[in-house]
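The values are calculated or read from the model by the stated rules, or taken from the named source; none is laboratory data. Since we're looking at a predicted model, the values are computed, not measured. Reconstructed Cβ throughout: ideal geometry from the backbone, glycine too, with neighbour counts over all protein chains shown. Each accessible area value is taken on the protein alone, full model and side chains, heavy atoms only, with ligands, DNA and RNA left out. Shrake-Rupley method; radii C 1.70, N 1.55, O 1.52, S 1.80 Å.
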Amino acid sequence: MKNSKAKRKKKQPTKGAVTIKIDGKEITAKEGQNLVQIARENGIFIPSLCYYEHIDPPLGTCRVCICEIDGKPAPACMQKVKENMEVRVNTPEMEDTRKAIVEMMFAEGNHFCPACEKSGDCSLQHMGYEMGVSISRFPHLFKDRIIDFHPKRMIIEHNRCVKCHRCVEEVLTKEGKQVFSLCNRGNETVVGIDYEQEAKLTREEALAAMQLCPTGAILVRGKSMAKPFGDRQFDNQSVQKEEQAKKAVVEAAVKAAKEKKVIATISLAGCFGCHMSMLDIDLGFIDLLEVVEFNKSPINDIKKFTQQCDIGLIEGGCCNSENVETLREFRRKCDILVAVGECSIWGGLPAMRNMIPLEECLEEAYLNSITTVAGEHIVPYHEDLPKILDKVYPCNEIVKIDYFIPGCPPNPEHIWKAVKNLLWGDQYSILYSEFKYD
Amino acid sequence: MEAEAFSNRRAHPELLDTLWEYQNQHGYIRDEDLEQCSKEFDISSIELEGVISFYHFFHRRPAGKFTIYLNNSIVSEFKGFQRVREAFERETGARFGEVDPSGMFGLFETSCIGLSDQEPAALINFLPFTNLNTLKVRQVIAKIKQGVPIEEVCDEVEDNIRYVPPGKRAVFFREYFPGNAITKLRGLSPEQVIEEINRSKLSGRGGAFFPTGLKWGLCRQQPAGPKYIVCNADEGEPGTFKDRVLMNAMPSLAIEGMAIAGYAVGAREGILYLRAEYSWMKAKLEKDIERFYRMGLLGKNVAGIEGFDFDIRLQLGAGSYVVGEETAMLNSMEGKRGEARVKQYYPIERGFLGLPTVVNNVETLCAAARILELGADHFLKAGTATSPGTKLISVSGDCHQPGVYEIEYGMTVEELLKLCQADAPYYMQVSGPSGECISMADKKRAFSKEDLSCGGAFMVFSKHRDILQILLNFTTFFKEESCGVCTPCRAGNFILQRKLEKMKLGLAQNSDYEDIRQWGHIMQIASRCGLGKTATNTLIKALDTFPEYFEVKQSDGFNRKFDLTKATEAYEKFKS
Ligand SMILES: Cc1cc2nc3c(=O)[nH]c(=O)nc-3n(C[C@H](O)[C@H](O)[C@H](O)COP(=O)(O)O)c2cc1C
Ligand code: SF4
Ligand code: SF4
Ligand code: SF4
Ligand code: FES
């Protein structure tokens, strides 16, 4: 691998200095240098995932670095700076486009960060935070992907690969043979690994491969928790410090004297985490009761609707027939329906079963688990029990959902700010710290 | 080192041919073939798997003694695809995507095979079968089962040349004497050839309209060498078949064009990249190449011009639409996955093997040959001042005269519709799925560079066709054919296909249309190559062009299509 880097490092002929403009800021650089690099050196953050400074021409696969170059959208990592180049990084359109591309990666893969070894040390997750991705605008595709345990040293988690090409280009054996290659095409594209070649890699080379992967797709056995939770590079602060701080201006809190509104809440296929989060405004809850009244809700244990409600907060998606019926009842009884938390928005953790046929899931859980005795157990089925659905459905596939509050769970401030906004039109903004959920 | 500008891997120009040999030997590439091949080329087996799995005509499992590829393009869909598909399954006993138990027949779908004027059409062992219907499928399969040689069962492909401009202004479809163009090179310097092409204002016919003379001139100026001429005969854009007709009717015209380009640019070798769907023309083309060698019009001192040596070979593709994109084609020729390259260099700077390469479409090269033969003035006589010459348009769909029309630039949509006898035109797709859709409000628009630019396909659909079905077919096509390298195209087409499927279930909300616009726009600006950049053109344009079709009823808050009984069906198995 070392050898390939050396070979491909292009000697940069010393050229004249040029002046370029990034978001209005004048910057002097050497002609022909890479734009992402120059921006980075000057404290301007251009998101990137596949860019690797020594690969030339750059891979240009992920497209998250898209900026306006001389008025036209183009990937920044592909640009060599030249005199009078004018770059606009943070226009609303470019910000949204980059964010959309990261969201696409989340929609396309199966990323369950809380259960991921790389969480906290993952470039994709980092990009998500930096761009304020709190929910993917795209429907999750739930593509069935495998986890490949065959390689000697590595485990390939296909659910997390973003096909950036880095491993394909960079991980070579001593004889210069590829260990990885993209296989298939279109949405079937996966990165395949050669077991024979992989076995030839040293442990150090395998670890380097794990390092260069921007996601948790390449894991090395016994080395999966390199950076433990809590010790993570982007846990507390954005790399775009000032900008973020400026954006995060908190608007005024609850305005006085309002007509009492009626709220209903429910936890469907969720873990009650979102409800715990609702309670987490602590004493604020008492203030809240001044202006709202709870109808059907686990919070007061009212089981049946007694009146039409202004707003219904739904935690969890639908995994069984009872969920579906309850949700439909909420739709009828609430003027506004809000999906709270990832599970109700797209299925969340319970949707981890969506890639596996129901039959297999139930058999694994009830019949073939290590604690079951063959022939002594059955899959529970009774007419009084709710029926399990073939997959976990997001709420908006069952009824119309008016609003979505993302998070796992959403921060309590976030939930109530949104609710107040919906009920009384209060202005609000959400802090960086309020959309970090891990 | 320079030659490796696009990858750290070595190029293997013979790889595709070798893979075809293995594939043809056993009908698929066996594990032992893969192993052998990986030794032969000294590359890892995963790299090989990567290449093989990119091209949909390569198989890693048995694909039947008779491998049947049924075209699933939109024209085929409207002309009875579903019934023909069922007939094939019934008659062969195989299911699509599989091989029948005896291993005799393998059934597969494939995207447009360039026979849109005679759909539904299929390839069986790469021989053409056109105008299929249930009865014909039964007869064909019966004959194959009886052991009639497949060459005797297959169809003769009609050229269907329907129109040429009056007054001898035709450029392509006129009397042709092989060699007349090449021999014109005698006495002309390369610069004079380029000048003549420049004067004709010929621009690329592969869809991008880049001025051909300019391309040649720029390549000529490149100091590196040797240089290459590539004839792009991949014609993958659904609904396009004009290159097929050109090559079938006058196979050597493109060869002459290549030699002329070679002379102008200073190249010694030309490669004709033929899509595998046109394998049935391969022998014919090779025979003509040989004939040209015998006539002294290829090889050493071409046409007696001292010092001008030019060789042409044919490279067969293996099933991929994006390979038609020139940089993807270069990768494919190097034995790699046909992924488009990043736009760091133009092919004329670093192309095949990293060396200066001109890639031109078949029609472009044929036009160049004609311009040299007849003179730029002849070419300038036809068409309009800014778009001179004629253009080949492949017309298909709901009209009585599908086929190829050599029109003069400046002809209007209305005129063409009349010529092809379209009774009730409503929705027209210009330049294939990556182009644009127009309605009868555009009937006065004229085919030309500045108004209605057309890569060569013109599909006509009448009012009773479902627009959503058209759009879903196109998006599925792009989803299948995306090379998978960049996020917006790989994921975006998949996401939009799901969205259209949802809309097909009657679940469209107004917000879905807004999503299509916004997401489509993101794909347009962020994708890496032309495929992703153009994949949503039609989708977005259709919303504006056919608003009456897209009006939706507001939903009442309940998803009526969610079927609780169906969703609990899997669970009901556990009822004891
Ligand atoms: C997705 C895609 C597919 C293409 N397919 C073809 C094709 O099948 N045939 C072709 O001649 N050009 C095709 N092109 C255009 C080529 O990239 C290139 O512009 C053309 O071959 C140049 O030749 P010309 O200048 O003679 O038109 C395609 C482009 C894209 C982006
Ligand atoms: S790879 Fe990154 S984004 Fe994906 S699950 Fe792991 S931590 Fe999350
Ligand atoms: S495995 Fe990792 S490095 Fe390789 S393509 Fe996937 S995301 Fe990129
Ligand atoms: S736009 Fe599509 S075809 Fe082109 S490079 Fe990207 S994924 Fe490949
Ligand atoms: S960082 Fe520019 S395309 Fe990936």
Does residue A:134 satisfy being crowded, with 20+ Cβ neighbours inside 10 Å, more than 14 Å from every other protein chain (Cβ to nearest Cβ), farther than 12 Å from residue A:47 by Cβ and in contact (Cβ under 8 Å) with a residue 12 or more places away in the chain?
yes
Within the group B:489, B:454, which residue is in contact with a strand residue (DSSP E or B) (Cβ under 6 Å, 6 or more places away or on another chain) and hydrophobic (A, V, I, L, M, F, W, C)?
B:454
Restricting attention to the range B:49-64, report how many residues are in a loop (DSSP other than H, G, I, E, B) and either more than 11 Å from chain A (Cβ to nearest Cβ) or acidic (Asp, Glu) (or both).
7
Condition first: more than 16 Å from ligand 1 (Cβ to nearest atom), over 22 Å from the mean Cα position of the chain (by Cα) and more than 15 Å from residue B:486 (Cβ to Cβ). Can you find one or more residues in the range A:90-101 that meet it?
yes
Residues that are away from ligand 3 (no atom under 16 Å from the Cβ) and either more than 11 Å from chain A (Cβ to nearest Cβ) or of a type in the set (A, V, I, L, M) (or both): does the range B:484-495 have at least one?
yes
Quick one: which of B:540, B:525 is at pLDDT 90 or above, within 14 Å of chain A (Cβ to nearest Cβ) and not in a loop (DSSP other than H, G, I, E, B)?
B:525
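Name every residue in the range A:152-164 that is surrounded by 22 or more Cβ atoms within 10 Å (Cβ to Cβ) and more than 20 Å from the chain's Cα centre (by Cα), in order of residue number.
First pass over the range A:152-164, keeping only residues surrounded by 22 or more Cβ atoms within 10 Å (Cβ to Cβ): A:154, A:156-157, A:160-164.
Answer for the range A:152-164, where residues must be surrounded by 22 or more Cβ atoms within 10 Å (Cβ to Cβ) and more than 20 Å from the chain's Cα centre (by Cα): just A:154.
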With within 16 Å of ligand 5 (Cβ to nearest atom) and either farther than 26 Å from residue A:68 by Cβ or surrounded by fewer than 24 Cβ atoms within 10 Å (Cβ to Cβ) (or both) as the only criterion, which of B:525, B:516 stands out?
B:525
Residue pairs qualifying under the 6 Å Cβ cut-off, at least six apart or on distinct chains, with the first in the range A:152-174 being farther than 16 Å from residue A:200 by Cα and modelled with pLDDT of 95 or more and the second being more than 6 Å from ligand 3 (Cβ to nearest atom) and part of a helix (DSSP H, G or I), are A:162/A:105
Taking the condition of being on the phi > 0 side of the Ramachandran plot and open to solvent by 10 Å² or more (accessible area, probe 1.4 Å), how many residues in the range B:428-471 meet it?
1
Restricting attention to the range B:171-186, which residues are open to solvent by 80 Å² or more (accessible area, probe 1.4 Å) and more than 22 Å from residue B:392 (Cα to Cα)?
B:184, B:186
Residues of the range B:112-160 satisfying the condition of being of a type in the set (Gly, Ala, Ser) and open to solvent by 20 Å² or more (accessible area, probe 1.4 Å)
B:142, B:147
Take residues that are closer than 23 Å to residue A:280 by Cα and either among the acidic types (Asp, Glu) or in contact with a Leu (Cβ under 8 Å, 6 or more places away or on another chain) (or both) and tell me which of the helices (runs of 4 or more DSSP H) falling wholly in the range A:320-438 contain 2 or more.
A:342-346, A:412-424
Pairs, first more than 16 Å from ligand 4 (Cβ to nearest atom) and open to solvent by 10 Å² or more (accessible area, probe 1.4 Å) in the range A:100-119, second outside any helix (DSSP H, G or I) and among the aliphatic types (A, V, I, L, M), C-beta under 8 Å, six or more apart:
A:106/A:133; A:117/A:219; A:117/A:225; A:118/A:219
Can you name every residue in the range A:171-199 that is out of contact with any helix residue (DSSP H, G or I) (no Cβ under 6 Å at 6 or more places or on another chain) and more than 16 Å from ligand 4 (Cβ to nearest atom)?
A:174, A:175, A:176, A:193, A:195, A:196, A:197, A:198, A:199
Counting only residues that are over 18 Å from residue A:190 (Cβ atoms) and either outside any helix (DSSP H, G or I) or at the interface with chain A (Cβ under 9 Å from one of its Cβ atoms) (or both), the range B:454-483 contains a total of 14
Taking the range A:168-198 on its own, how many of its residues are farther than 19 Å from residue B:487 by Cα, more than 7 Å from chain B (Cβ to nearest Cβ) and in a strand (DSSP E or B)?
1
β-branched (Val, Ile, Thr), more than 17 Å from the chain's Cα centre (by Cα) and at pLDDT below 95: is that true of residue B:438 in this structure?
no
Restrict the check to the range A:81-103 and report whether at least one residue is at pLDDT 95 or above, over 30 Å from residue A:203 (Cβ atoms), within 16 Å of ligand 3 (Cβ to nearest atom) and outside any loop (DSSP other than H, G, I, E, B).
yes
With the structure loaded, tell me whether residue A:122 is under 21 Å from residue A:190 (Cα atoms) and either more than 16 Å from ligand 5 (Cβ to nearest atom) or modelled with pLDDT of 95 or more (or both) or whether it fails that test.
no
If a residue has to be more than 10 Å from ligand 4 (Cβ to nearest atom), within 14 Å of residue B:236 (Cβ to Cβ) and in a loop (DSSP other than H, G, I, E, B) to count, how many in the range B:309-352 make the cut?
3
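May I ask you to verify whether residue A:64 is more than 23 Å from residue A:28 (Cβ to Cβ), at the interface with chain B (Cβ under 10 Å from one of its Cβ atoms) and assigned to a loop (DSSP other than H, G, I, E, B)?
yes
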Can you say whether residue A:350 is at pLDDT below 95, of a type outside the set (Ser, Thr, Tyr) and open to solvent by less than 60 Å² (accessible area, probe 1.4 Å), as far as the supplied structure shows?
yes
Please work out which residue is surrounded by the most Cβ atoms within 10 Å (Cβ to Cβ), limiting yourself to the range A:391-438 and to residues that are under 19 Å from residue A:270 (Cβ atoms) and among the acidic types (Asp, Glu).
A:397
Could you list, in sequence order, all residues of the range A:199-227 that are part of a helix (DSSP H, G or I), of a type in the set (A, V, I, L, M, F, W, C) and more than 19 Å from residue B:486 (Cα to Cα)?
A:206, A:207, A:208, A:209, A:210
Test each condition in (1) over 13 Å from residue A:408 (Cβ atoms); (2) more than 10 Å from chain B (Cβ to nearest Cβ) for residue A:104 and report the one that comes out false.
(2)
Top-ranked residue in the range B:347-364 [being of a type outside the set (S, T, N, Q) and touching a Leu at 6+ places or on another chain (Cβ under 8 Å); ranked as farthest from the other protein chains (Cβ to nearest Cβ)]
B:363
I want to confirm something. Restricting to the range B:187-206 and keeping residues that are within 11 Å of ligand 1 (Cβ to nearest atom) and open to solvent by less than 40 Å² (accessible area, probe 1.4 Å), which single residue is farthest from the other protein chains (Cβ to nearest Cβ)?
B:202
